[in-house]
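Scroll down for the structure; my scribbles are underneath it.
The values are calculated or read from the model by the stated rules, or taken from the named source; none is laboratory data. Fair warning: this is a prediction, and the values are worked out from it, not measured in the lab. Every residue, glycine as well, gets a Cβ built from its backbone with ideal geometry; the counts of neighbours run over all protein chains shown. Areas reflect the complete protein model, heavy atoms only, side chains present, ligands, DNA and RNA absent. Shrake-Rupley method; radii C 1.70, N 1.55, O 1.52, S 1.80 Å.
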Amino acid sequence: MAFSLTQRSGSQYRGRFAPSPSGLLHFGSLIAALASYLDAKANQGLWLVRIEDIDPPREQLGASKEILKTLESYGLYWDESVLYQSTQSALYDQILAELQEQSLSYHCQCTRANIKAIGGIYQGHCRALSLPEQGAATRIINQFGVYQYQDLIQGTVQCDIALAKEDFIIKRKDGLYAYQLAVVVDDIFQGISHVIRGCDLLEPTARQLTLFKTLDIKSPQYGHFPLAVTDQGYKLSKQNKAPAIDIEDPRPSLIQALAFLGQNPPSELRESNVEEIIAWAVSHWNINKIKKCREITL
Ligand SMILES: [Zn+2]
């Protein structure tokens with residue numbers, strides 16, 4: 001039986017950058033924006049922006065607007081209109097209903113403590129219980145357990161098998177849509193062909209591949225780049241209060257991000273303007289120069 005989502009036809013490269021508006025762009029998110037943009041443009045592709053605003057308590061007022069303004073000041077102009085996940089609820093609900101109708105999901109009332117007590121991996125306890133939706137999370141019946149895939153940057157990625165086989169959550173107990181569900185539905189909705197993002201998402205990618213298979217849609221190709229870390233070895237993130245990148249003079253951060261991505265920007269590029277830096281980066285883009293995640297020294 002089919003779902004309300006169809007495979008986009010055509011072979012054009014369609015990449016995306018999908019920030020959450022929980023804060024302003026920092027150096028780590030600049031790398032994600034830049035790498036996904038350059039790979040799209042070097043492949044004559046389109047680059048879309050999606051704002052992942054489905055977790056209201058974590059959002060910062062005005063951050064979406066600031067993120068878009070920052071991208072523009074960095075010369076990263078998106079194609080098509082920006083997609084806000086907050087406008088996608090009807091589609092998420094539809095897909096959740098279809099999964100339920102096809103007996104591909106179930107409700108689960110287990111607590112985090114219950115699962116921790118059995119070793120941290122969910123064992124399908126509620127699968128056959130036909131529990132009501134009220135106060136329960138929704139889990140997918142994981143028929144595929146994808147744990148290995150070919151990554152454009154990392155080569156063969158092998159994930160934890162037990163974790164990859166778990167019936168994971170697609171709608172949370174608190175009523176919020178799970179990240180995995182929203183991302184996959186939107187990647188299909190936007191016809192995304194390539195996802196270039198950080199190595200913190202290597203494991204979630206396996207789950208997303210399982211979800212694509214369940215929905216019977218060809219998955220995008222994935223490429224994961226190493227994460228930028230602080231002097232203390234922590235990932236640069238909004239939670240770690242990484243400083244926002246400079247919107248007044250983007251050039252130093254742009255050059256630094258290109259160097260991080262292994263693109264060896266020549267020193268004379270420092271004298272160029274933003275447009276020239278981006279043009280140089282598109283024409284010299286080589287994804288093979290990005291380091292493998294395991295090569296990062298903390
Ligand atoms: Zn359960």
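Of Ser283, Leu99, Tyr147, which is farthest on the positive side of the dipole of the chain, counting Cα position, with +1 on Lys and Arg Cβ, -1 on Asp and Glu Cβ, and the Cα centre as origin?
Tyr147
Placing +1 at every Lys and Arg Cβ and -1 at every Asp and Glu Cβ, with all other atoms neutral, what dipole size does the chain have around its Cα centre, in debye to the nearest 20? Each step should come with its number before you reach the end.
Details: 29 positive and 32 negative charges, 164 e Å.
With only Lys, Arg, Asp and Glu charged at Cβ, the dipole is about 780 debye.
If a/c stays under 1.5 just call it rounded; otherwise compare a/b with b/c (prolate if a/b is bigger, oblate if not). Do that for the range 47-138, with a ≥ b ≥ c from the square roots of the Cα gyration tensor eigenvalues. Mind dumping the intermediate values first?
Working: a/c = 3.11, a/b = 2.09, b/c = 1.49.
Prolate, since a/c reaches 1.5 and a/b exceeds b/c.
Heavy-atom accessible area of Lys291 with all protein chains present, probe 1.4 Å, nearest 10 Å²?
Spelled out: Lys291, probe radius 1.4 Å, area about 120 Å².
Distance cut-off 27 Å, Cα to Cα: go down the list Lys69/Lys171; Lys41/Lys65; Lys65/Lys165; Lys41/Lys218; Lys65/Lys218 and report the pairs above it.
On the way: Lys69/Lys171 32 Å; Lys41/Lys65 24 Å; Lys65/Lys165 38 Å; Lys41/Lys218 22 Å; Lys65/Lys218 32 Å.
Pairs exceeding 27 Å: Lys69/Lys171; Lys65/Lys165; Lys65/Lys218.
At 222 nm, what helix-only mean residue ellipticity would the chain give, in deg cm²/dmol to the nearest 500, using -39500 (n - 2.57) for each DSSP H run of four or more? List each step's numbers first, then the result.
Values: 9 runs with 96 residues, N = 298.
Only helices count here, giving -9500 deg cm²/dmol.
Translational diffusion coefficient, Stokes-Einstein: compute it for the range 31-70 using the Kirkwood radius over C-alpha pairs as Rh, at 37 °C and 0.692 mPa s, and state it as an integer in µm² s⁻¹. Present the calculation step by step, with values, prior to reporting the outcome.
Numbers: Rh = 11.8 Å.
Stokes-Einstein gives a translational diffusion coefficient of 278 µm²/s.
Can you give me the angle between helix 89-101 and the longest principal axis of the chain, using Cα atoms only, in degrees from 0 to 90, rounded to the nearest 10?
With both axes taken from Cα atoms, the answer is about 40 degrees.
What full-extension length gain, to one decimal in nm, is calculated for Asp216 and Gln44 as 0.36 nm per residue of separation minus the Cα-Cα distance? Present the calculation step by step, with values, prior to reporting the outcome.
Working: separation 172, 0.36 × 172 = 61.92 nm, distance 2.73 nm.
Roughly 59.2 nm would be gained on extension.
To the nearest 10 square angstrom, how much accessible area does Arg207 have with a 1.4 angstrom probe?
40 Å²
Which values, in whole Å and largest first, are the semi-axes of the equivalent ellipsoid of the range 96-135 obtained as the square root of 5 times each eigenvalue of the Cα gyration tensor?
Numbers: eigenvalues 92, 22, 13 Å².
Semi-axes, largest first: 21, 11, 8 Å.
Rounded to two decimals, what ratio of Rg to Rh does the range 157-228 give with C-alpha atoms and a Kirkwood Rh?
Details: Rg = 12.4 Å, Rh = 12.9 Å.
With Rg and the Kirkwood Rh in hand, the quotient comes to 0.96.
Compute log10 of I(q)/I(0) for the range 1-156 with the Debye formula, placing one identical point scatterer on every Cα and leaving out solvent, at q = 0.12, 0.18, 0.19 Å⁻¹, to two decimals.
Values returned for q = 0.12, 0.18, 0.19 Å⁻¹ are -0.79, -1.23, -1.24.
What is the diffusion coefficient of the chain in µm²/s, taking the Kirkwood radius over Cα pairs and the Stokes-Einstein relation at 10 °C with a viscosity of 1.306 mPa s? All intermediate terms of the calculation are to be shown ahead of the outcome.
Values: Rh = 20.3 Å.
Diffusion coefficient, whole number: 78 µm²/s.
Label the range 176-217 by shape, choosing from rounded, prolate and oblate, from the square roots a ≥ b ≥ c of the eigenvalues of the Cα gyration tensor; if a/c is under 1.5 it is rounded, and otherwise prolate applies when a/b is larger than b/c, oblate when it is not.
Values: a/c = 1.38, a/b = 1.20, b/c = 1.15.
Judged from the Cα gyration tensor, the range 176-217 comes out rounded (a/c under 1.5).
Rounding to the nearest 10 and keeping the result within 0 to 90°, find how far the Cα-based axis of helix 202-214 lies from the longest principal axis of the chain.
The angle comes out near 50 degrees.
What is the distance, in nm, between label points placed 7 Å from the Cα along the Cα-to-Cβ direction at Gln109 and at Arg270?
Inter-label distance under the simple model: 6.5 nm.
Given 10 Å bins starting at zero, what is the percent of C-alpha pairs of the range 78-199 in each, up to the one with the largest pair distance?
Bin by bin from 0 Å, the calculated values are 11, 37, 34, 16, 2.
Label 7 Å along Cα→Cβ of Gln60; the range 1-28 residues with amide nitrogen under 16 Å?
19-28
Considering the Cα trace of the range 35-98, what is its radius of gyration and what is Dmax, both in angstroms?
Calculated on Cα positions, Rg and Dmax stand at 14.3, 42 Å.
Using all Cα-Cα distances in the range 133-292, what percent lands in each 5 angstrom bin from 0 up to the longest?
Taking all Cα pairs of the range 133-292, the binned fractions are 2, 8, 13, 15, 16, 16, 12, 8, 5, 3, 1, 0, 0 percent.
With angles folded into 0 to 90 degrees, how steeply does helix 27-42 sit against the dominant principal axis of the chain? Use alpha carbons for both and round to 10.
Here the helix axis deviates by roughly 80 degrees.
If the cut-off is 18 Å between C-alpha atoms, which aspartates and glutamates fall inside it for Lys116, apart from same-chain ones fewer than 8 positions away?
In chain and number order, the partners are Asp160, Glu166, Asp167.
For the range 50-159, run through the chymotrypsin sites (Phe, Trp or Tyr not before Pro) and keep only the ones in DSSP coil with at most 13 other Cβ atoms within 10 Å of their Cβ.
Numbers: sites: Tyr74, Tyr77, Trp78, Tyr84, Tyr92, Tyr106, Tyr122, Phe144, Tyr147, Tyr149; in loops: Tyr74, Tyr77, Trp78, Tyr122, Phe144, Tyr147.
Those that pass, being in a loop and sparsely packed, are Tyr77.
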